[in-house]
1. From the list Arg7, Arg23, which residue is open to solvent by 60 Å² or more (accessible area, probe 1.4 Å), of a type outside the set (A, V, I, L, M, F, W, C) and either touching a residue at least 60 places away in the same chain (Cβ under 8 Å) or touching a helix residue (DSSP H, G or I) at 6+ places or on another chain (Cβ under 8 Å) (or both)?
2. Could you tell me whether segment 70-87 includes any residue that is in contact with an Asp or Glu (Cβ under 7 Å, 6 or more places away or on another chain), surrounded by 21 or more Cβ atoms within 10 Å (Cβ to Cβ) and outside any helix (DSSP H, G or I)?
3. Could you grab me the full set of residues in segment 100-113 that are open to solvent by 10 Å² or more (accessible area, probe 1.4 Å), more than 9 Å from the ligand (Cβ to nearest atom) and within 15 Å of Val10 (Cα to Cα)?
4. Could you list, in sequence order, all residues of segment 4-20 that are within 12 Å of the ligand (Cβ to nearest atom) and part of a strand (DSSP E or B)?
5. Since Met166 meets every condition but one in (1) more than 15 Å from the ligand (Cβ to nearest atom); (2) exposed (fewer than 15 other Cβ atoms within 10 Å of the Cβ); (3) hydrophobic (A, V, I, L, M, F, W, C), which condition does it not meet?
6. If I filter segment 49-66 for residues that are in a helix (DSSP H, G or I), surrounded by 20 or more Cβ atoms within 10 Å (Cβ to Cβ), in contact (Cβ under 8 Å) with a residue 24 or more places away in the chain and within 11 Å of the ligand (Cβ to nearest atom), do I get at least one hit?
7. Residue by residue through segment 128-143, note down the ones that are of a type outside the set (A, V, I, L, M) and crowded, with 20+ Cβ neighbours inside 10 Å.
8. Need the failing condition index for Ile45 against (1) within 20 Å of Gly172 (Cβ to Cβ); (2) surrounded by 15 or more Cβ atoms within 10 Å (Cβ to Cβ), just the number.
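The values are calculated or read from the model by the stated rules, or taken from the named source; none is laboratory data. Fair warning: this is a prediction, and the values are worked out from it, not measured in the lab. Because the Cβ atoms are built from the backbone with ideal geometry, glycine has one as well, and the counts that use them run over all protein chains shown. Calculation scope for accessible area: heavy atoms of the full protein, side chains included, ligands and nucleic acids excluded. Shrake-Rupley method; radii C 1.70, N 1.55, O 1.52, S 1.80 Å.
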Amino acid sequence: MSTSARRLIVGVTGASGSAIALRLLQLLQQADGWEVHLVLSPAAILNAQIELNLGREAFEPLAHRVYAHKDISASIASGSFRTEGMVIVPCSMNTLSAVAHGASSNLIARAADVVLKERRKLVLVAREAPLNLIQLRNMTAATEAGAVVFPPVPSFYLGEISFQQMVTQIAGRVLDQFGIDNPDVFRWNGIKSRA
Ligand SMILES: Cc1cc2nc3c(=O)[nH]c(=O)nc-3n(C[C@H](O)[C@H](O)[C@H](O)COP(=O)(O)O)c2cc1C
């Protein structure tokens with residue numbers, strides 16, 4: 001990795017959608033010039049086991065640096081460590097709440113708080129359905145603080161695509177937020193281009 005690599009923090013939490021986190025890390029590996037700093041919550045690890053039958057070993061080799069969830073002494077806990085921003089994928093309602101209220105009791109929440117205070121980009125792939133008023137208000141508060149709330153909604157206009165294609169589309173559209181392009185992402189070019 002070159003010294004000019006751009007740093008992106010990836011937090012993975014215990015909402016449904018482990019496959020999106022895994023695919024996003026794979027796409028980041030293919031992208032040139034990005035240095036990935038990864039934190040998994042304990043619930044994220046449990047979820048990956050349930051949803052993908054995979055452990056943390058499937059995620060960690062895809063990052064340049066991996067941090068413990070409780071390591072609030074880590075570099076990414078400080079604004080002096082320069083990054084392009086952070087994505088939390090998937091983002092649980094628990095972590096959304098912590099971010100929305102500035103509660104930094106673990107490294108994912110602290111790193112997100114730092115990203116917001118430094119006015120860097122924070123993308124929250126918040127997953128829950130249906131949403132209660134508290135969750136909607138937390139999304140509003142996070143948005144007001146500068147975050148992008150990006151629910152992992154399928155692109156239904158793509159028709160009958162595979163699960164993997166759907167996951168790639170969502171992960172790729174999330175990376176679009178950081179200007180990271182991927183050739184596997186479908187780009188709508190008008191109804192005529194489908195013919
Ligand atoms: C199989 C499974 C699926 C879950 N799906 C969601 C979900 O979609 N959204 C959510 O907010 N929480 C979900 N949860 C609950 C979170 O994992 C739980 O609130 C946890 O405390 C989140 O902790 P974290 O934010 O530190 O990862 C799920 C839990 C399990 C076991």
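1. Working: Arg23 fails: open to solvent by 60 Å² or more (accessible area, probe 1.4 Å).
Exactly one residue qualifies, and that residue is Arg7.
2. So in segment 70-87, the residues in contact with an Asp or Glu (Cβ under 7 Å, 6 or more places away or on another chain) come out as 79.
With the extra rule that they be surrounded by 21 or more Cβ atoms within 10 Å (Cβ to Cβ), the set shrinks to none.
No; the residues of segment 70-87 include none that is in contact with an Asp or Glu (Cβ under 7 Å, 6 or more places away or on another chain), surrounded by 21 or more Cβ atoms within 10 Å (Cβ to Cβ) and outside any helix (DSSP H, G or I).
3. Of the residues in segment 100-113, the ones open to solvent by 10 Å² or more (accessible area, probe 1.4 Å) are 100-106, 110, 113.
From what's left, more than 9 Å from the ligand (Cβ to nearest atom): 100-105, 110, 113.
Within segment 100-113, Arg110, Asp113 meet the criteria.
4. Narrowing segment 4-20 to residues within 12 Å of the ligand (Cβ to nearest atom): 11-18, 20.
Result: Gly11, Val12.
5. Here Met166 meets the rest and fails (2).
6. Step one: list which residues in segment 49-66 are in a helix (DSSP H, G or I), which gives 49-52, 56-58, 60-62.
Narrowing further to those that are surrounded by 20 or more Cβ atoms within 10 Å (Cβ to Cβ): none.
So far as segment 49-66 goes, no, none of its residues is in a helix (DSSP H, G or I), surrounded by 20 or more Cβ atoms within 10 Å (Cβ to Cβ), in contact (Cβ under 8 Å) with a residue 24 or more places away in the chain and within 11 Å of the ligand (Cβ to nearest atom).
7. Across segment 128-143, the qualifying residue is only Asn138.
8. (1)
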